[in-house]
Amino acid sequence: MPPPDPSPCAPVAAVAVARDAPVDVVGAAVVGALCGVSSAVFLRGLDVVTAARLAQPWLPWALPAAAAALLVVVGRWAGAASRGTALVLWRAATGQGEPVPRRLWLFALVGTCWTHLFGGSAGREGTALQMGGAVADAVAAVGGAGRGRDDERRRRLLLAGLAGGFGSVFGTPVAGAVFALEVVVLGRVDVARALPAVVAAFVGDAVGGAALHALGGAHGAWPVVVVDAASGRLLAASVALGALAGVVAVVFLVLTAWVRAASTRLSPAVRGAAVGLVIVVLWRCAGRDDVLGLSLPALSAALSGEPDAALCVWKLVLTAVTVGGGLIGGEVTPLFVIGAGLGASLAAPLQVPVDVAAVTAMAAVFGGAAGTPWALSLMVVELCGVGVLAPALLATFTASWIVRAAGRSLYERWPGVASSATAVASITSRSATASITTDPTDPTDPTDPTDPTDPTDPTDPAPGR
């Protein structure tokens, strides 16, 4: 449990939050609606490009050229939008800096669909977070927020954008709200700013579901998992699954970081071509098409008790190369595939039901990687039923502890996540009442041009997700 904020600015911020609550609710509802429509368009776009790839088997062979073209376009025209999720999380955490570029919405949408069209192994949450951040900052600007460098209302609306994006793209509003609050405060839920996030998540889910239906799509169906009783054996097995999921998450994060470090030394065109070529080679070595894209059939098979351990290994490597190589997309669904396969494979040795083990490990791999155990535990409850809550909590917290002990995080490109919560807490507490004076010698200063983890630094070649 983190210590209470000793800053005298905290009461001031709380008063401001209470005073602005009616305006926040309206703004959050608008943000949520826009996030819902955005997610519906995005999900239908993924359906279209996935169907096109399956109908045209030659498309994955063109991935080297497609990836090179994507990275050249991003490098030439994206500007600050190339920082992706890292930029949105930093803005949401501090409320500082220039607005999130409006073009981020388009780059995230088109870039992710482009990645999936040619067979890149990526997910959806990164795109939803970026689109949500872009629309939230646009609403904040229209409402007069964000005119100063430090704006508490702007931060609350950005949190709403993250919640609305995550909640609407997966159809999980509770998890969306908790994820937004949990991820930007380094694993601690920021209760004072919960109202806009909750409103945006539920509005986004409702509007997104209706819009998706109107476009001829629907969220995927999930099995209802029934747990007879939370026995000691099940709880012990959940801890074991969480530990193994944490190790898998660390392996994924280390491999992704290695690919990123190796590939950013190259020019955008060469980087894209090289990454695309590696993916094609891995795909042909795997000898199967279901390792490309979201791999939803593999996820369904694992949840049904038919895991494929080999596919999970290929999926881990391909996703690390895709994301670490700079292609656009998220990580949730690929890590769900990996986690569900891990859990289903270990169900028999651990003597637990296969569906319980699959769902538990599924939550633990991504929850551990992202450092969001509460959000992922609640997410699987929304998807599969309340019976999985206890095992999911044990597994995700165990996995999160292992990933944190290893000094890793899925969002370590966001300053402060992989280092210290103190710096971000200090910045956000000062943001409540005053602007920050840039100190070029301060290693925690987000505007320091010499800081290699600064998401606003145009000299940093590593693109955000």
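The values are calculated or read from the model by the stated rules, or taken from the named source; none is laboratory data. Keep in mind that what you see is a predicted model, and the values were worked out from it rather than measured. As a convention, Cβ positions derive from the backbone with ideal geometry for all residues, glycine included, and neighbour counts pool all protein chains shown.
Tabulated results
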| quantity | calculated |
| --- | --- |
| Selection within segment 174-196 - surrounded by fewer than 24 Cβ atoms within 10 Å (Cβ to Cβ) and at pLDDT 95 or above | 174 |
| Long-range neighbours under 9 Å by Cβ, at least six apart or interchain, first residue assigned by TED's automatic domain parsing to the domain that holds residue 56 within segment 101-123, second acidic (Asp, Glu) and part of a helix (DSSP H, G or I) | 101/137; 102/137; 104/137; 119/289 |
| Pairs with Cβ under 9 Å, 6+ apart, first in segment 199-217 and without any contact (Cβ under 8 Å) to a residue 24 or more places away in the chain and of a type outside the set (A, V, I, L, M, F, W, C), second surrounded by fewer than 24 Cβ atoms within 10 Å (Cβ to Cβ) and in a helix (DSSP H, G or I) | 213/40 |
| Sole residue being within 25 Å of the chain's Cα centre (by Cα), surrounded by 15 or more Cβ atoms within 10 Å (Cβ to Cβ) and at pLDDT below 90, chosen from 28, 67, 92 | 92 |
| Residues that are among the hydrophobic types (A, V, I, L, M, F, W, C) and under 23 Å from residue 118 (Cα atoms), drawn from segment 240-256 | 252, 255 |
| So residue 389, is it surrounded by fewer than 24 Cβ atoms within 10 Å (Cβ to Cβ) and at pLDDT 95 or above | yes |
| Hits in segment 334-351 - residues which are crowded, with 24+ Cβ neighbours inside 10 Å and not aromatic (Phe, Trp, Tyr) | 334, 335, 337, 338, 339, 340, 341, 342, 343, 344 |
| Top-ranked residue in segment 245-283 [being free of Cβ contacts under 8 Å to residues at least 60 places away in the same chain and under 29 Å from residue 43 (Cβ atoms); ranked as surrounded by the fewest Cβ atoms within 10 Å (Cβ to Cβ)] | 282 |
| Qualifying helices (runs of 4 or more DSSP H) (wholly inside segment 70-157; at least 3 residues being in contact with a strand residue (DSSP E or B) (Cβ under 7 Å, 6 or more places away or on another chain)) | 125-142 |
| Answer from 86, 52, 80 - the residue that is hydrophobic (A, V, I, L, M, F, W, C) and modelled with pLDDT of 95 or more | 52 |
| One residue from 340, 310, 320 being under 25 Å from residue 389 (Cβ atoms), of a type in the set (A, V, I, L, M, F, W, C) and in the same structural domain as residue 389 (by TED's automatic domain parsing) | 340 |
| Selection status of residue 50, outside the structural domain of residue 370 (by TED's automatic domain parsing), buried (at least 24 other Cβ atoms within 10 Å of the Cβ) and of a type in the set (Val, Ile, Thr) | no |
| Only listed residue being on the phi < 0 side of the Ramachandran plot and at pLDDT below 95, chosen from 199, 227 | 227 |
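Conditions (1) of a type in the set (A, V, I, L, M); (2) modelled with pLDDT of 95 or more, marked per residue:
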position	(1), (2)
172	no, yes
215	yes, yes
231	no, no
237	yes, yes
243	yes, yes
258	no, yes
266	yes, yes
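For (1) part of a helix (DSSP H, G or I); (2) under 25 Å from the mean Cα position of the chain (by Cα); (3) farther than 26 Å from residue 51 by Cβ, each residue gets a yes or a no:
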residue	(1), (2), (3)
271	yes, yes, yes
277	yes, no, no
282	yes, yes, no
293	no, yes, no
300	yes, yes, no
306	no, no, no
